[in-house]
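Single-structure report; data block below.
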Amino acid sequence: MRHYIDGEFVVGEKRFANVSPVDGRVLGDVCEADRDTVDRAVAAAKAAQFGAWGRTSANERAEALLRIANGIERRFEEFVAAEVADTGRSVKQARALDIARGVQNFRTFAELIRQAGGEFYEMRAADGSDVFSYTVRKPHGVVAVISPWNLPLLLLTWKVAPALACGNSVVAKPSEETPASATLLAEVIHDAGLPAGAFNLVHGFGPGSAGEFLTRHPGVDAITFTGESRTGEAIMKAAATGVREVSFELGGKNAAVVFADADFDKAVAGVLRSSFANSGQVCLCSERVYVERPIFERFVTALKAGAEKLKIGYPDEDGVDMGPLISHAHRDKVLDYFALARAEGATVVSGGGMPRFGDARDGGAWVQPTIWSGLGDDARCVREEVFGPVCHVAPFDADDEVVRRVNDSAYGLCAALWTRDLKRAHGVSRRLRVGMVWVNTWFLRDLRTPFGGVGLSGIGREGGRHSLDFYSELTTVCVNP
């Protein structure tokens, strides 16, 4: 898999292996960008700002985004295959969520940039003359887009689409674990006819590799990153040099709160999904579940039964619910938390180990969906993000108590509430220190609304006009005729 720089696909001398999480097979080689390669990509992006791309209108950029969306649709099954191979997720999820959302991201921001307007004000100056002030939206210049491995195309396009819509040039670095769909996207963008340098792609790792070279590059004007909180802290320090714009969506230790008046079956199904979807590898997953005491024992029993019915298997199996974790290294991290939970005194309600298949999958990165109970709120396994198919279930007695416990976290990305009492839902939602609250649902998004977290979960808001604001600079023009 090659880099894409200045309108051309580029082969690098240094390579690394792309490994299947399903069975450990090597899928192919990926070029790793060195410092010179990143320099070339940033220089091409900078030059595009003074060339044809820098002269495009908002409507022309919207048309370009629609061509990209159409290009993804034409190669839909290739993107599905690439996403499944890299992540091991089910074909069903890749089709229904990952690739479909990639198409939607480009179409949404094409529409939004066409509708984007500025501010306009009239006033009377001291001398009696009329003054007109208005704002002009301009690109930052070069935007570094660093995307994670858990939802590769979805999260890459969530950043690339608004960055291009606002007229920026992009240098993207996907995760080293999931390079395939990003490479396909570069091919689609190339075929869509964007001017050379408008979009560039480099592959590689973080520290001492493409990620560090890109975020520290003085030619980069803004950085957007989704990933681990510690990496976000390191990038923020790098971005302080030159006072560059940043937008980070980082980790989460998210809570689900189930009130006794909730639709019981719907709440059980919702928590199963929010805890174990994508093998728990979604920053929005519920790792802390608080259940009102009158239904606690019944809920834990039902959740256990549901978890043990989840089908773990090959991506193309019918009815498969869970695939592997992304890598052996990540599996080992999750297994370390399984061991830590037992050491901290957790009751293992279900799971807690690795499944055994007796076939090639035993060479993959698989773990069981796991439920704990019995830990205090100060336990590491209740406070630290695991990022695997796991949740801890605890009882609560009152609204004030559960609000305090949900907010007692360094993270603040999202929460999910399950209740029939909408007055309670509105009231509790306003008190939670998180960027997003779902009520009787999970992972449902209107792309026009803001998205982001607080604390260790990130900084900034993207989505809708908030994305356009981040990916733009606003200049005020004051006219006194």
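Looking at the structure I just gave you, is W372 outside any loop (DSSP other than H, G, I, E, B) and open to solvent by less than 30 Å² (accessible area, probe 1.4 Å)?
Numbers: outside any loop (DSSP other than H, G, I, E, B): yes; open to solvent by less than 30 Å² (accessible area, probe 1.4 Å): yes.
Yes.
Say whether the condition of being at pLDDT below 95, within 30 Å of D263 (Cβ to Cβ) and open to solvent by 50 Å² or more (accessible area, probe 1.4 Å) is met by at least one residue in segment 432-445.
Yes: segment 432-445 contains one or more residues that are at pLDDT below 95, within 30 Å of D263 (Cβ to Cβ) and open to solvent by 50 Å² or more (accessible area, probe 1.4 Å).
List the residue pairs whose Cβ atoms are under 7 Å apart, where the first residue sits in segment 172-198 and is touching a residue at least 40 places away in the same chain (Cβ under 8 Å), the second is assigned to a helix (DSSP H, G or I) and of a type in the set (S, T, N, Q), and the two are 6 or more positions apart or on different chains.
Correct list of pairs: T178/T87.
M236 is checked against (1) open to solvent by less than 20 Å² (accessible area, probe 1.4 Å); (2) more than 25 Å from R101 (Cα to Cα); (3) assigned to a helix (DSSP H, G or I) and fails just one. What number does that condition carry?
(1)
Quickly run through segment 22-58 and pick out the residues that are of a type in the set (S, T, Y), touching a residue at least 40 places away in the same chain (Cβ under 8 Å) and more than 15 Å from L214 (Cβ to Cβ).
Listed by number, the list holds a single entry, T56.
Residue by residue through segment 254-282, note down the ones that are surrounded by fewer than 22 Cβ atoms within 10 Å (Cβ to Cβ), among the aliphatic types (A, V, I, L, M) and touching a residue at least 60 places away in the same chain (Cβ under 8 Å).
A277, V282, listed by residue number.
What's the total number of residues in segment 239-253 that are touching a strand residue (DSSP E or B) at 6+ places or on another chain (Cβ under 8 Å) and either open to solvent by 10 Å² or more (accessible area, probe 1.4 Å) or part of a loop (DSSP other than H, G, I, E, B) (or both)?
Within segment 239-253, residues that are touching a strand residue (DSSP E or B) at 6+ places or on another chain (Cβ under 8 Å) and either open to solvent by 10 Å² or more (accessible area, probe 1.4 Å) or part of a loop (DSSP other than H, G, I, E, B) (or both) number 8.
Quick check on my filter: what residues within segment 122-145 are open to solvent by 30 Å² or more (accessible area, probe 1.4 Å), among the aliphatic types (A, V, I, L, M) and not in a strand (DSSP E or B)?
Within segment 122-145, just A126 meets the criteria.
Return the residue satisfying two criteria in turn: it lies in segment 283-332 and is of a type in the set (F, W, Y) and not in a helix (DSSP H, G or I), and of such residues it is surrounded by the most Cβ atoms within 10 Å (Cβ to Cβ).
This residue is Y290.
Does segment 91-111 contain any residue that is of a type in the set (S, T, Y), touching a helix residue (DSSP H, G or I) at 6+ places or on another chain (Cβ under 8 Å) and open to solvent by 10 Å² or more (accessible area, probe 1.4 Å)?
Yes, segment 91-111 has at least one match.
Could you look through segment 396-427, keep only residues that are surrounded by fewer than 17 Cβ atoms within 10 Å (Cβ to Cβ) and in contact (Cβ under 8 Å) with a residue 40 or more places away in the chain, and pick out the one that is farthest from T301 (Cα to Cα)?
Taking segment 396-427 as the starting set, the residues that turn out to be surrounded by fewer than 17 Cβ atoms within 10 Å (Cβ to Cβ) are 397-401, 404, 407-408, 410, 420-424, 426-427.
The next check asks that each one be in contact (Cβ under 8 Å) with a residue 40 or more places away in the chain; those that pass are 397, 410, 420-421, 424.
On the way: D397: 19, A410: 30, R420: 21, D421: 24, R424: 26 Å.
Looking at the filtered set, the residue picked out is A410.
A17 versus (1) surrounded by 15 or more Cβ atoms within 10 Å (Cβ to Cβ); (2) modelled with pLDDT of 95 or more; (3) touching a strand residue (DSSP E or B) at 6+ places or on another chain (Cβ under 8 Å); (4) not in a helix (DSSP H, G or I): which is the lone unmet condition?
(1)
I'd like to verify a number: residues in segment 158-177 that are outside any loop (DSSP other than H, G, I, E, B) and farther than 18 Å from R461 by Cβ, how many?
Residues flagged as outside any loop (DSSP other than H, G, I, E, B) and farther than 18 Å from R461 by Cβ within segment 158-177 amount to 6.
Kindly evaluate L340 against the criterion of being closer than 30 Å to P179 by Cα, at pLDDT 95 or above and not acidic (D, E).
Spelling it out, it is not the case that L340 is closer than 30 Å to P179 by Cα, at pLDDT 95 or above and not acidic (D, E).
From the list F276, F213, which residue is assigned to a helix (DSSP H, G or I) and closer than 19 Å to A41 by Cα? I'd like the intermediate steps shown before the answer.
Values: F276 fails: closer than 19 Å to A41 by Cα.
One residue alone meets the criteria, F213.
With respect to V11, determine if the residue is over 16 Å from A172 (Cβ atoms) and touching a Pro at 6+ places or on another chain (Cβ under 8 Å).
no
From E63, E119, E77, grab the single residue that is modelled with pLDDT under 95, open to solvent by 40 Å² or more (accessible area, probe 1.4 Å) and either of a type in the set (D, E) or in contact with a Pro (Cβ under 7 Å, 6 or more places away or on another chain) (or both).
Step by step, each of E63, E119, E77 is checked, and only E119 is modelled with pLDDT under 95, open to solvent by 40 Å² or more (accessible area, probe 1.4 Å) and either of a type in the set (D, E) or in contact with a Pro (Cβ under 7 Å, 6 or more places away or on another chain) (or both).
If you scan segment 176-198, which residues turn out to be of a type outside the set (V, I, T), open to solvent by less than 10 Å² (accessible area, probe 1.4 Å) and touching a Phe, Trp or Tyr at 6+ places or on another chain (Cβ under 7 Å)?
Once the filter is applied, which keeps residues that are of a type outside the set (V, I, T), open to solvent by less than 10 Å² (accessible area, probe 1.4 Å) and touching a Phe, Trp or Tyr at 6+ places or on another chain (Cβ under 7 Å), segment 176-198 yields S181, A186, G197, A198.
From the residues in segment 334-361 that are part of a helix (DSSP H, G or I) and free of Cβ contacts under 8 Å to residues at least 12 places away in the same chain, which one is least open to solvent (accessible area, probe 1.4 Å)?
A339
The values are calculated or read from the model by the stated rules, or taken from the named source; none is laboratory data. Here the structure is a predicted model, which means the values were calculated and not measured. Here Cβ is always computed from backbone atoms with ideal geometry, including for glycine, and neighbour counts include all displayed protein chains. Ligands, DNA and RNA are excluded from the accessible area calculation, which covers all protein heavy atoms including side chains. Shrake-Rupley method; radii C 1.70, N 1.55, O 1.52, S 1.80 Å.
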